[in-house]
1. Restricting to segment 261-274, name every residue that is over 22 Å from Val161 (Cβ atoms), under 38 Å from the mean Cα position of the chain (by Cα) and surrounded by 15 or more Cβ atoms within 10 Å (Cβ to Cβ).
2. Which of the residues spanning segment 20-43 are of a type in the set (Gly, Ala, Ser) and either exposed (fewer than 12 other Cβ atoms within 10 Å of the Cβ) or modelled with pLDDT of 95 or more (or both)?
3. Could you grab the pairs with beta carbons closer than 8 Å, sequence gap of 6+ or different chains, first residue in segment 164-185 and on the phi > 0 side of the Ramachandran plot and charged (D, E, K, R), second one assigned to a helix (DSSP H, G or I) and at pLDDT 95 or above?
4. Need the failing condition index for Ala51 against (1) touching a residue at least 60 places away in the same chain (Cβ under 8 Å); (2) of a type in the set (Gly, Ala, Ser); (3) loosely packed, with under 15 Cβ neighbours inside 10 Å, just the number.
5. Taking only pairs six or more apart or across chains, which ones have beta-carbon atoms under 8 Å, a first residue in segment 269-289 that is in a helix (DSSP H, G or I), and a second residue that is of a type in the set (Val, Ile, Thr)?
6. For Thr69, indicate whether it is among the hydroxyl-bearing types (Ser, Thr, Tyr), more than 30 Å from Asp112 (Cα to Cα) and exposed (fewer than 12 other Cβ atoms within 10 Å of the Cβ).
7. Report whether or not Ser138 is over 30 Å from Lys78 (Cβ atoms), exposed (fewer than 11 other Cβ atoms within 10 Å of the Cβ) and modelled with pLDDT of 90 or more.
Amino acid sequence: MIKSMTGFASGKGTLGRHSWSWELRSVNGKGLDMRLRVPDWLTGLEAALRADLAKMLSRGNVTLSLRVTREESATELKLNEPAMAAALDSIARTEELAADKGVLLAPSKASDLLTLKGMLDSSADDDDPGPLVEALKSEFGSLLSDFVAMRQGEGRALSGVLAAQLEQIAKLTDQAAVLAEQRKDAMSAALQQNLARVMENSQGFDPDRVAQELAIIAVKSDVTEELDRLGAHVTAARALLEQDGPVGRKFDFLMQEFNREANTLCSKSQNTELTSVGLELKAVIDQLREQVQNVE
């Protein structure tokens, strides 16, 4: 079953003080073009995500956006005990020297000591990004599965549209075959009348040359090969719809062949009704070509 190149998936998660949200989306493209917006400090994550995407996808313009936020905790203050001990020794010695000189010092307060430089150490936890990277890698598998499932669902719907358009082309081809058969007598009569007029007004004509020209005219007006090839293209396209895996490029090539045969049919029709069917064929083929652009 074919897959569409259109898809979307989103997800959220948390680990410790980190939370994240991401979106994965894609539209049609000639090849696989991946654009990832992933925080640089999550070392190794982008490369891993690219590898996972490349395993599951073959075509499409793919965009992945990951946003990570961190809940800041209150800063923890710790007493620098060696510094405090040194400060207290200094205060005691200072008071002794002041007493020897008869100088009375105001009593020291703990708050004064704590404001001294180096008495309190502030420490915030420096997170190791490793566990977060592993959690994101693990969750991405679920996100990617949802994304692929949506592309498969879009592919099923697209397959129905393509099948209906191929059925239209098949019916129009059959209709063109009937009209081509019906025009043979009329074309033959017209050719005979034109030939009679030429022969009446010409002297010394070469019978072999006339036979060659008649053969050329007959070949130029015969649309049997074009109709046969259109039928074969319909069969090939239906087979592609049943295949698993990427078939979009094969469909692209097949659409060129469809269009070529329809153009030739119109140019060789020499019949109003057959030309009308040929133009309708071109319109349906163009609609089919637009839908094929979404096939992976």
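The values are calculated or read from the model by the stated rules, or taken from the named source; none is laboratory data. The shown structure was predicted, so the numbers you read here are calculated from the model rather than taken from an experiment. Note: ideal-geometry Cβ built from the backbone for every residue, glycine included; neighbour counts use all protein chains shown.
1. Applying the first criterion (over 22 Å from Val161 (Cβ atoms)) to segment 261-274 yields 263-274.
Checking the rest, the ones that are also under 38 Å from the mean Cα position of the chain (by Cα) come to 263-267.
The answer is Asn263, Thr264, Leu265, Cys266.
2. Going residue by residue through segment 20-43, those that are of a type in the set (Gly, Ala, Ser) are 21, 26, 29, 31.
If the condition is that a residue be of a type in the set (Gly, Ala, Ser) and either exposed (fewer than 12 other Cβ atoms within 10 Å of the Cβ) or modelled with pLDDT of 95 or more (or both), then Ser21, Ser26, Gly31 are the ones that fit.
3. The qualifying pairs do not exist here.
4. (1)
5. Leu274/Val223; Leu281/Ile169; Leu281/Thr173; Val284/Ile169; Ile285/Ile169; Leu288/Ile169
6. Numbers: among the hydroxyl-bearing types (Ser, Thr, Tyr): yes; more than 30 Å from Asp112 (Cα to Cα): yes; exposed (fewer than 12 other Cβ atoms within 10 Å of the Cβ): yes.
For Thr69, the condition - among the hydroxyl-bearing types (Ser, Thr, Tyr), more than 30 Å from Asp112 (Cα to Cα) and exposed (fewer than 12 other Cβ atoms within 10 Å of the Cβ) - is met.
7. yes
Every residue, every condition in (1) touching a helix residue (DSSP H, G or I) at 6+ places or on another chain (Cβ under 6 Å); (2) outside the structural domain of Val284 (by TED's automatic domain parsing); (3) in a helix (DSSP H, G or I); (4) of a type in the set (Gly, Ala, Ser), yes or no:
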{"position": "Glu134", "(1), (2), (3), (4)": "no, yes, yes, no"}
{"position": "Leu143", "(1), (2), (3), (4)": "no, yes, yes, no"}
{"position": "Asp146", "(1), (2), (3), (4)": "no, yes, yes, no"}
{"position": "Val161", "(1), (2), (3), (4)": "yes, no, yes, no"}
{"position": "Leu166", "(1), (2), (3), (4)": "yes, no, yes, no"}
{"position": "Ile169", "(1), (2), (3), (4)": "yes, no, yes, no"}
{"position": "Leu172", "(1), (2), (3), (4)": "yes, no, yes, no"}
{"position": "Ala176", "(1), (2), (3), (4)": "yes, no, yes, yes"}
{"position": "Arg183", "(1), (2), (3), (4)": "no, no, yes, no"}
